[in-house]
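The values are calculated or read from the model by the stated rules, or taken from the named source; none is laboratory data. Note that the coordinates shown come from a computational prediction; the quantities given were computed from them, not determined experimentally. Cβ placement follows ideal geometry from the backbone for every residue including glycine, while neighbour counts extend to all protein chains displayed.
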């Protein structure tokens, strides 16, 4: 098996925030913490694009490199997880992460930060799989049940794909081929808008947000 | 007098330049090692009985469920 990855198809994402809601519900995520969020570019402008973003489970994760207590690790499947018992809530991982994935619940008065919380790829943490303690600290462990992350599995338009990178990249490649479009089947222009769309936006005389 | 001034200035120059060696100032980065609790594999549970192939097949089938071109016949 290859590595576990997320892939968001910006052509399909309709900014319904279903993935965000499903994640919060599945893991009983506390108030103020969003393990996943939908980012929209050129919001309200024709041709806007939305992307669902969470921890990307980087192969060379910068959060692992900067953690002063070395509490973040890679699983065999390439999922980036952490041990909350060891985390000191310093926030270095938040500064290092290019996706803003690490979240910090407000643990007390005066803005005191709690321990880091982030997307676990629905793989729990270093507690006994499926235990009450694992759920309390990290949320449900769907991967140990042979299931994939809830956000991807319940996505209504199947914009968000999650799972074995070989499988999801094959699905995306097939999808892009079915759409048509010549040489620019897969790439930046397909994902973030073709040149003619940019021209249309320019013609409409609006400024992007 | 002239000689003593020369000796003193030579000593001062030697002392002043003593700390001018060029040494590498940057430490070599060393990746830390995970210090937390050990995690078990997702197939190391009663549902899969440590059978990695069975777990991989289950996850792969689940992944294919995201492909609407093949789903539902």
> Given the conditions (1) more than 14 Å from every other protein chain (Cβ to nearest Cβ); (2) assigned to a loop (DSSP other than H, G, I, E, B); (3) under 17 Å from the mean Cα position of the chain (by Cα), and given that residue A:77 satisfies all but one, which numbered condition is not satisfied?
Replying inline: (1)
>> Tell me the residue from A:62, A:68, A:102 that is within 22 Å of residue B:31 (Cα to Cα) and loosely packed, with under 14 Cβ neighbours inside 10 Å, please.
In response: A:68
> What about residue A:139, is it away from every other protein chain (no Cβ under 11 Å), touching a helix residue (DSSP H, G or I) at 6+ places or on another chain (Cβ under 6 Å) and either buried (at least 19 other Cβ atoms within 10 Å of the Cβ) or modelled with pLDDT of 65 or more (or both)?
Replying inline: yes
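Quick grid of which residues meet (1) touching a strand residue (DSSP E or B) at 6+ places or on another chain (Cβ under 9 Å); (2) more than 9 Å from chain A (Cβ to nearest Cβ); (3) surrounded by 10 or more Cβ atoms within 10 Å (Cβ to Cβ):
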| residue | (1), (2), (3) |
| --- | --- |
| B:14 | no, yes, no |
| B:30 | no, yes, no |
| B:41 | no, no, yes |
| B:46 | no, yes, no |
| B:56 | yes, no, yes |
> Name the pairs whose Cβ atoms lie under 8 Å apart, with the first residue in region A:12-32 and not assigned by TED's automatic domain parsing to the domain that holds residue A:104, the second surrounded by fewer than 18 Cβ atoms within 10 Å (Cβ to Cβ) and modelled with pLDDT of 95 or more, and 6 or more positions between them or separate chains?
Replying inline: none
> When you go through A:57, A:74 one by one, which is the residue that is free of Cβ contacts under 8 Å to residues at least 24 places away in the same chain and touching a strand residue (DSSP E or B) at 6+ places or on another chain (Cβ under 8 Å)?
Replying inline: A:74
> What single numbered condition from (1) closer than 17 Å to residue A:58 by Cα; (2) surrounded by fewer than 21 Cβ atoms within 10 Å (Cβ to Cβ); (3) without any contact (Cβ under 8 Å) to a residue 60 or more places away in the chain fails to hold for residue A:108?
Replying inline: (1)
> Given the residues B:21, B:36, which is the only one that is at the interface with another protein chain (Cβ under 7 Å from one of its Cβ atoms) and more than 21 Å from residue A:162 (Cβ to Cβ)?
Replying inline: B:36
> Does region A:82-101 contain any residue that is at pLDDT 95 or above, within 14 Å of chain B (Cβ to nearest Cβ) and under 20 Å from residue A:154 (Cα atoms)?
Replying inline: no
